[in-house]
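A.B. asks: This is the structure I have questions about; it appears just below.
The values are calculated or read from the model by the stated rules, or taken from the named source; none is laboratory data. Remember, predicted model here, so these are calculated numbers, not experimental data. Here Cβ is always computed from backbone atoms with ideal geometry, including for glycine, and neighbour counts include all displayed protein chains. These area figures cover heavy atoms from the full protein model, side chains too; ligands, DNA and RNA do not enter into them. Shrake-Rupley method; radii C 1.70, N 1.55, O 1.52, S 1.80 Å.
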Amino acid sequence: LDEPLGALDLKLRKQMQVELSRIQREVGITFIYVTHDQEEALAMSDRIAVMDRGAVVQVGMPQDVYERPANLFVADFIGSSNKFPGRVLESTGGSAMIELDGAARVLAATPHRLAAGAPAVVVVRPDHVVISKPGGVTGGAVALSGRVVKAAYLGTHLQIEVMLPDGRAVTVRQSLAPGERRQAASSAGDDVVISWPAAQSIGFSQEELVKGVA
């Protein structure tokens, strides 16, 4: 199936995703489904193969591809991501202590061993980032100060853009419980602290950005 739903509007596309999944279960055969819609790939697939410039760079279950991307291209291509530059302080086979620009340090999981002293990039998903008032961060989290630039209300969640002092923008996806939706409002201009659990950090080599991988 090569982009079979590409010409449909959003609502019909969602309906057809369910219908195609039902047909696939009934006929009991494997579907190879080609799409550039990352959300569609996550929603419909038992396994995802991500290709970059004609080569397969990662194959896995949707959750594995999203949570444990094999390289910076996959992290940036599948879902949204925030990228924080830094430098490797020390590294083992599966993790690295990285000092972010701005002096914060984070122990990040790494798909490949990184060289000590080398430039690095830490990737954090917007849904793992939490916004709080200055002074309200709990222990065990990486925290950076910033200012809210824009807050978009999207029904079930807010998508918030926070500008850091160095000019970098960070995207935050804040889920809203049903009782919070009527009270949700833009907080542009507010001084805030963004934080995330260190365990949600993934480290990659800065060279992947230099080579244009992401």
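A.B. asks: May I ask for the longest run of the chain untouched by trypsin sites (Lys or Arg not before Pro) that are loop-located per DSSP and have at most 15 neighbouring C-beta atoms (other than their own) within 10 Å?
C.D. replies: Counting only loop sites that pass the neighbour cut-off, the longest clear stretch is 114-180.
A.B. asks: At what distance in nm do the modelled label points of Leu154 and Ala199 sit from each other, each positioned 7 Å from its Cα along Cα→Cβ?
C.D. replies: 2.5
A.B. asks: Students often forget the sequence filter, so: which aspartates and glutamates lie under 14 Å Cα-Cα from Lys150 once same-chain residues fewer than 8 apart are removed?
C.D. replies: Output for Lys150: Glu161, Asp190, Asp191.
A.B. asks: Where does the chain land at 222 nm, in deg cm²/dmol rounded to the nearest 500, when only DSSP H runs of n ≥ 4 count, each adding -39500 (n - 2.57), divided by all residues?
C.D. replies: Calculated mean residue ellipticity at 222 nm is -5000 deg cm²/dmol.
A.B. asks: List the relative contact order of the stretch 7-146 as a percent without decimals, with contacts defined as Cα pairs under 8 Å and 6+ residues apart.
C.D. replies: 15
A.B. asks: Another question, then. Give me the percent of accessible area attributable to carbon and sulfur for the chain, probe 1.4 angstrom.
C.D. replies: 53
A.B. asks: Using +1 at the C-beta of Lys and Arg and -1 at the C-beta of Asp and Glu, which of Pro62, Val18, Pro134 has the Cα lying farthest in the positive direction of the dipole of the stretch 1-151?
C.D. replies: Toward the positive end, the furthest listed residue is Pro134.
A.B. asks: Okay, next question. Just checking my list (1) 61; (2) 68; (3) 64 against percent of Cα pairs over 20 Å apart computed from this structure; which label fits?
C.D. replies: (3)
A.B. asks: OK, next. Once you have the Cα-Cα distance between Gln63 and Arg168, take 0.36 nm times their residue separation minus that, and quote the gain in nm to one decimal.
C.D. replies: 35.0 nm
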